[in-house]
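Below: the structure, in structure tokens.
The numbers here are math on the coordinates, done by the rules we state, and not lab data. Quick caveat, the model's predicted, so the values are computed rather than measured. Cβ coordinates were reconstructed from backbone atoms using ideal geometry, including for glycine residues, and neighbour counts include every protein chain displayed.
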Amino acid sequence: MARNDLKILGAWPSPYVMRTRIALNLKSLAYDFLEEQYGTKSELLLKSNPIYKKIPILIHDGKPICESLIIVQYIDENWTNFGHSILPSHPYDRAIARFWASYIDDKWFPALRGVAAAQEENAKKAATETVIEGLVLLEDVFKNCSKGKKFFGGDKIGYLDIALGCFLGWLKVNEKLNNVNLLDESRTPGLYKWAEDFCGDSAVKDVMPETDKLAQAAKYIDENWTNSGPFILPSDPYNRAIAQFGWFPSFCCLAVSQREDAIKATLEPVFDSLVLLEDAFKNCNKGKKFFGGDKIGYMDIVLGCFLSWMGVTQKMNNVTLLDEAKIPGLYILAEDFCANSSVKDVITEF
């Protein structure tokens, strides 16, 4: 394997950590695996991912990269001459793969977790039906993407294979602990055979946990941390996505607050997050106008689209959020963003 200064912070039962390890294996890249202990978060983890404080984290030459699918894309883009391409080569196929990966994280896997979490029989039955419906849907996706080959990615494991395949261990645990049949050969024959091929691949088989071992870990976690939330698995994917910029949920609360004490309580987290984003802006822009440098980029769009509503909230609640003295970088960014020819005709006046 090629030697690089690569480290993974993670825990072996985590499907998200598995994504990172599979991607590195596909590229034949050696790495150090730094195991995080259940119920604790190391100083290195908190330093490397101060925003989400979650695994996995890939550390490359001392620089941390977070969020499993972002890490997979980083690995594929950074080591183009190692192994095969994980993401499809055509932009449309890449977009389709990312769409279904989001579906798996946002819709399908929460339903799978719901099977295990359900206390009442009706709730368990409803969650099981949702999981099966999702698998039937993914059966069609597999047929369209694989074009008659072994994997979503064709002859070799690709992005969507990793996105779904990392959950196969937990799928089997759910089947075992809840006495249900989710991946049925007669119902989803393509996925059934795909799962066998995926788990048998040399890049996967050494990092895919055994079902019994994973079931024991699930029971251990459930018995010891039922009140502290899951450590290995990130919280609800939708909430994780909506918190891409941490100020927005607090900002929404500020916008709808009626009482003076409620408005005051939500101001502090909004300010704190904007100060955090000020630092992010300094790190990303490298002295240029935008997060993306000389031109508007991805982060500029993600944050900038909320500027109108921030202006409305300032006006209606008589507060100053975008303060030039506290966050001068973001203050100028907002002016430059709103004045840009790509923005000014579509952003609402406030």
For this session: May I ask you to list the aspartates and glutamates whose Cα is less than 14 Å away from that of residue 315, ignoring any residue fewer than eight positions away on the same chain?
Result: 323, 349
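Using a 10 Å cut-off around each Cβ, can you sort 327, 57 from fewest to most neighbouring Cβ atoms? If you can, show how the numbers build up before the last one.
Details: 327 21, 57 26.
The fewest-first ordering by Cβ neighbours comes to 327, 57.
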Exercise. Each residue of region 98-105 in turn: what ³J(HN,Hα) in whole Hz from Karplus with 6.51, -1.76, 1.60 and θ = phi - 60°, glycine and Pro shown as x?
Worked result: 5, 4, 6, 5, 5, 4, 4, 6
For this session: Excluding residues fewer than 8 places away in the same chain, name every one of the lysines whose C-alpha is closer than 21 Å to that of residue 176.
Result: 124, 125, 193, 205, 213, 219
Exercise. How about residue 286: which aspartates and glutamates have a C-alpha closer than 12 Å to its C-alpha, ignoring those fewer than 8 places off in the same chain?
Worked result: 294
For this session: Report, in whole Å, the centroid distance computed from the Cα atoms of region 140-172 and region 49-119.
Result: 14
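Going by how many other beta carbons lie within 10 Å of each one, how would you line up 18, 310, fewest first? Working shown, then result.
On the way: 18 25, 310 21.
Ordered by Cβ neighbours within 10 Å, fewest first: 310, 18.
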For this session: Rank the residues 70, 22 as a footprinting-exposure proxy: fewest other Cβ atoms within 10 Å of their Cβ go first.
Result: 70, 22
Seminar exercise, completed: Under 20 Å between C-alpha atoms, the lysine pairs in region 2-78 lying 8 or more places apart or on different chains count 13
